[in-house]
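In what follows, a single structure is set out as structure tokens and then discussed.
The values are calculated or read from the model by the stated rules, or taken from the named source; none is laboratory data. This structure is a prediction, so every number in the text was calculated from the model and none was measured. Neighbour counts are summed over all protein chains in view; Cβ atoms, including those assigned to glycine, are modelled from backbone coordinates with ideal geometry. Keep in mind that these areas ignore ligands, DNA and RNA; they rest on the heavy atoms of the full protein, side chains included. Shrake-Rupley method; radii C 1.70, N 1.55, O 1.52, S 1.80 Å.
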Amino acid sequence: MAAGLLFGGIYFIIMFSDLESDYVNPVDLCNRLNPLVIPEAAVHVFLAFLFLLSGQWMALAWNVPLLAYNANKLINKNYTYDATEIFRTIEAHKKETFFRIGFYTLSFFYYLYRMIAALVEDSD
């Protein structure tokens with residue numbers, strides 16, 4: 001799941017780069033990215049819920065800040081990309097996406113480490 005979120009963030013960056021290079025127009029960009037925002041947040045919530053159920057408190061604590069940020073965006077209805085303002089706000093969107101990619105990359109390697117540690121512990 002974390003790898004899927006990571007690749008989703010990379011897709012967002014590629015789409016923003018395509019917009020800056022005029023390979024895609026703002027309406028197409030928004031039509032491609034807006035349907036992916038809520039599923040990304042839902043997958044992240046599901047992943048955090050699995051951590052809660054399995055008692056992985058460190059992983060859950062690591063995910064809470066991004067969960068709160070996503071919840072704030074959803075509650076304030078500030079989660080969609082607007083085609084009329086995308087050029088004015090693209091730098092902020094790119095920073096947010098780069099932050100998410102960094103977060104998901106660190107999360108992926110932490111989860112991988114924990115999985116390997118659990119497998120080694122079970123084999124002893």
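Can you give me the C-alpha center-to-center distance between the range 55-112 and the range 26-51, rounded to a whole angstrom? The two parts, judged by their Cα centres, are 10 Å apart. Our summary gives the chain a relative contact order of 43 percent, counting only alpha carbon pairs under 8 angstrom and 6 or more residues apart.
Counting only DSSP H runs of at least 4 residues, each contributing -39500 (n - 2.57), and dividing by the residue count of the chain, the helix-based mean residue ellipticity at 222 nm comes to -30000 deg cm²/dmol. Average accessible surface for the chain: 63 Å² per residue, computed with a 1.4 Å probe over protein heavy atoms with every protein chain in place.
Estimated at 0.36 nm per residue, the fully extended path between ARG88 and ASN25 surpasses their Cα-Cα distance by 21.3 nm.
Helices in the chain that qualify as membrane-span-like (whole DSSP H runs, Cα extent of at least 30 Å along the helix axis, mean Kyte-Doolittle hydropathy of -0.5 or higher) are 26-54, 86-123. Projected label points at PHE98 and LYS77, each 7 Å from Cα along the beta carbon direction, are separated by 3.2 nanometres.
Among SER54, SER17, SER107, the largest mean-square fluctuation in a Gaussian network model of the chain, built with springs joining Cα atoms closer than 10 Å, belongs to SER54. Magnitude of the charge dipole for the chain, about its Cα centre and with charges confined to Cβ atoms of Lys, Arg (+1) and Asp, Glu (-1), is about 300 debye.
Among the chymotrypsin sites (Phe, Trp or Tyr not before Pro) in the range 10-55, those located in a DSSP loop and surrounded by at most 15 other Cβ atoms within 10 Å of their own Cβ are TYR23. Decide, for the chain, between rounded, prolate and oblate: order the square roots of the alpha carbon gyration tensor eigenvalues as a ≥ b ≥ c, take rounded if a/c falls under 1.5, and otherwise choose prolate if a/b is larger than b/c, else oblate. Note, shape of the chain comes out prolate. When a 1.4 Å probe is rolled over the protein heavy atoms, the share of accessible surface on the chain that falls to carbon and sulfur comes to 67 percent. Between SER54 and ILE13, the simple spin-label model (points 7 angstrom out along Cα→Cβ) gives 2.6 nm.
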